[in-house]
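Colleague: Below is one structure. I have some questions about it.
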Amino acid sequence: MPWESARSAASLDLLSGGRLELGLGAGGFPHAIAAMGGERRSPGEAVEALSEAIDIIRSMLGGAGSAIRHRGDHYTVVGAQGGPVPAHEIPIWVGATKARMLRLVGRKADGWLPTLDRMEPGGLREGNRIIDEAAREAGRDPREIRRLVNIAGAFANERSGFLDGPPEAWVEDLLPLVVEDGVGTFILMTDEEAAMTRFAEEVMPALREAVAK
């Protein structure tokens, strides 16, 4: 539930010294959601529910000591207590690829976080266009919305594909996503410590230098 997410996020932010960023989605895995007792919604209903959830979460995070009220089609909150107060203003990042979700990002989110290998060619550029348009219609500056991307790859001595090769090949692959598509943050999807270390120490410094040039 949104109010539980807000309180958990605030508590984790306090415990981590203000390092939490909250990622949300509209339920890309409906069977898994239903298996855990969640509601099974249509794609349109899922977007509407997420929109309501963002409003509730923001109210809970910023309304310590006040009674939070919300009556919507998917969630109802009648006088719930806001808070605790997080250590910093927690940004809300939304994972999205479809137009309705992208427009929601433009209206309400602080960041767009898609997964690169689930996108069609040109998906970042088209997504940015939809988000920017929705942001301007909502009276927002599109530049306020951070652009992030989940990526996956493999390090090897020789290049054999996109994000599959030595660190300099990774830099070559990621550079256009920064300078042409506005991506400011890459999140490497791996549990391998060696891969994370090489990404942090060999790829990112070289990528920053290449962007600066």
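The values are calculated or read from the model by the stated rules, or taken from the named source; none is laboratory data. Note that the structure is a prediction, hence the values are computed from the model and not measured. Cβ placement follows ideal geometry from the backbone for every residue including glycine, while neighbour counts extend to all protein chains displayed. Please note that ligands, DNA and RNA were not included when accessible areas were found on the heavy atoms of the full protein model with its side chains. Shrake-Rupley method; radii C 1.70, N 1.55, O 1.52, S 1.80 Å.
Colleague: Using a 1.4 Å probe and ignoring any ligands, DNA or RNA, find the accessible area of GLU202 and quote it in Å² to the nearest 10.
Modeller: Its accessible surface works out to 80 Å², give or take rounding.
Colleague: Still on this model: Nearest-5 percent of antiparallel DSSP beta bridges in the chain? Intermediate values should be presented prior to the final figure.
Modeller: On the way: 6 of 21 bridges.
Rounded to the nearest five, the antiparallel share is 30 percent.
Colleague: Write down the accessible area per residue of the range 74-199 in Å², having rolled a 1.4 Å probe over the full set of protein chains. Intermediate values should be presented prior to the final figure.
Modeller: Working: 6690 Å² over 126 residues.
Ligands and nucleic acids excluded, the result is 53 Å² per residue.
Colleague: Helix 167-179 against the longest principal axis of the chain: what's the angle in degrees, Cα atoms only, rounded to the nearest 10?
Modeller: 50
Colleague: Given a Förster distance of 45 Å, report the FRET efficiency between LEU15 and ASP141 from their Cβ-Cβ distance, rounded to the nearest 0.05.
Modeller: Details: r = 32 Å, r/R0 = 0.72.
It comes to 0.90.
Colleague: Next up: Can you sort LYS108, LYS213 by solvent-accessible area, 1.4 Å probe, largest first? Numbers along the way, then the final one.
Modeller: Details: LYS108 50, LYS213 190 Å².
Reading off the accessible areas and sorting them downward yields LYS213, LYS108.
Colleague: On alpha-carbon atoms, Rg over Rh for the range 55-213 using Kirkwood Rh? Please list the in-between numbers first.
Modeller: On the way: Rg = 19.0 Å, Rh = 17.8 Å.
Rg/Rh: 1.06.
Colleague: Kindly provide the Kirkwood hydrodynamic radius of the range 1-145 in Å, to one decimal, from all pairs of distinct alpha carbon atoms.
Modeller: Its Kirkwood hydrodynamic radius stands at 16.0 Å.
Colleague: Please arrange LEU61, LEU148 by accessible surface area, largest first, computed with a 1.4 Å probe and ligands excluded. Don't skip to the end; give the middle numbers.
Modeller: Details: LEU61 25, LEU148 0 Å².
Most to least solvent-accessible, the answer reads LEU61, LEU148.
Colleague: Can I ask one more? With labels modelled as points extended 7 Å from the Cα through the Cβ direction, what inter-label distance (nm, one decimal) is found for SER8 paired with THR97?
Modeller: 2.4
Colleague: Measuring with a 1.4 Å probe in the full set of protein chains, what accessible area per residue, in whole Å², belongs to the range 1-69? Could the numbers behind the result be given before it?
Modeller: Working: 3880 Å² over 69 residues.
Ligands and nucleic acids excluded, the result is 56 Å² per residue.
Colleague: Within the chain, what whole-number % of the accessible surface is contributed by carbon and sulfur, with the 1.4 Å probe and all protein chains included in the calculation? Spell out each step's value before the answer.
Modeller: On the way: 6020 of 11990 Å².
Reported share for carbon and sulfur atoms: 50 percent.
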